[in-house]
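Just below is one structure, and these are the notes that go with it.
The values are calculated or read from the model by the stated rules, or taken from the named source; none is laboratory data. All figures in this text were calculated on a predicted structure; none of them were measured in a lab. Positions of Cβ are backbone-derived with ideal geometry, glycine not excepted, and every protein chain shown enters the neighbour counts.
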Amino acid sequence: MPISSIAIREAISEDIPFIQQIAFSTWPVAYSAILQKEQLDYMLDLFYQKDALLQQMRDGHHFIVATDDENVIGFASFNLIKPLTFKLQKLYVLPSEQKSGAGKLLLDAVIERIKLKGAQKLQLNVNRHNKAISFYEKMGFTIIQEDDINIGHDYYMNDYVMEKQL
């Protein structure tokens, strides 16, 4: 698919089923070698139930989607975490569409939007064993610390915090 056929737009609540479908398609591919199935299922349920996504939207998480011929193929979300610093909360592209440029377009769109709000830094968390680390490094992010986050049920997210100066 040519990158020129991919469009980025603001997500609306009617996009939640597409966001869920992308997460449920992408997470097993991205995390099955890293997380036990029980933790993966728990996290998908915790973060991607309709009510959880609606709450994230109400709490100031901005969602954008990547589309190709009206099909949603990826999404990202971000929010302000402290003055001049935003956090990329989510960035996922359907496995069949990875390497299409959609991920870079989503990231660029996030950066464009937060720069308009005066951002100087963009941070993200990524699992310490996730292959996406190299993507983020290519995009100018550097690891600034490790973060172990208790998400309940004796599950932890063992992440790196990465940051990009804007």
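See the values below:
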read-out: Residue ID - farthest from ARG9 (Cα to Cα), chosen from residues in region 73-96 that are more than 9 Å from the chain's Cα centre (by Cα) and of a type in the set (D, E, K, R); value: LYS82
read-out: Total residues in region 124-146, condition more than 17 Å from TYR31 (Cβ to Cβ) and not in a helix (DSSP H, G or I); value: 8
read-out: Yes/no for LYS99 being assigned to a loop (DSSP other than H, G, I, E, B) and under 18 Å from ILE133 (Cα atoms); value: yes
read-out: Residue in region 57-68 that is more than 15 Å from the chain's Cα centre (by Cα) and surrounded by 14 or more Cβ atoms within 10 Å (Cβ to Cβ) present; value: yes
read-out: Subset of region 10-27 that is assigned to a helix (DSSP H, G or I) and out of contact with any helix residue (DSSP H, G or I) (no Cβ under 7 Å at 6 or more places or on another chain) - its residue that is surrounded by the fewest Cβ atoms within 10 Å (Cβ to Cβ); value: GLU14
read-out: Subset of region 97-131 (residues that are surrounded by fewer than 16 Cβ atoms within 10 Å (Cβ to Cβ), modelled with pLDDT under 95 and either under 12 Å from the mean Cα position of the chain (by Cα) or farther than 18 Å from ASP159 by Cβ (or both)); value: LYS99
read-out: Pair list, Cβ under 6 Å, 6 or more apart: region 3-14 residue touching a residue at least 12 places away in the same chain (Cβ under 8 Å), other residue surrounded by 11 or more Cβ atoms within 10 Å (Cβ to Cβ) and of a type in the set (S, T, N, Q); value: ALA7/THR67
read-out: Any hit, region 147-163, residues being part of a loop (DSSP other than H, G, I, E, B) and farther than 29 Å from ILE12 by Cβ; value: yes
read-out: Criterion violated by MET1 - all others in (1) hydrophobic (A, V, I, L, M, F, W, C); (2) at pLDDT 95 or above; (3) surrounded by 13 or more Cβ atoms within 10 Å (Cβ to Cβ) satisfied; value: (2)
read-out: Qualifying residue in region 40-56 (condition: touching a residue at least 60 places away in the same chain (Cβ under 8 Å) and surrounded by 18 or more Cβ atoms within 10 Å (Cβ to Cβ)); value: yes
read-out: Hey, LEU94 closer than 22 Å to PRO28 by Cα and in contact (Cβ under 8 Å) with a residue 40 or more places away in the chain or not; value: yes
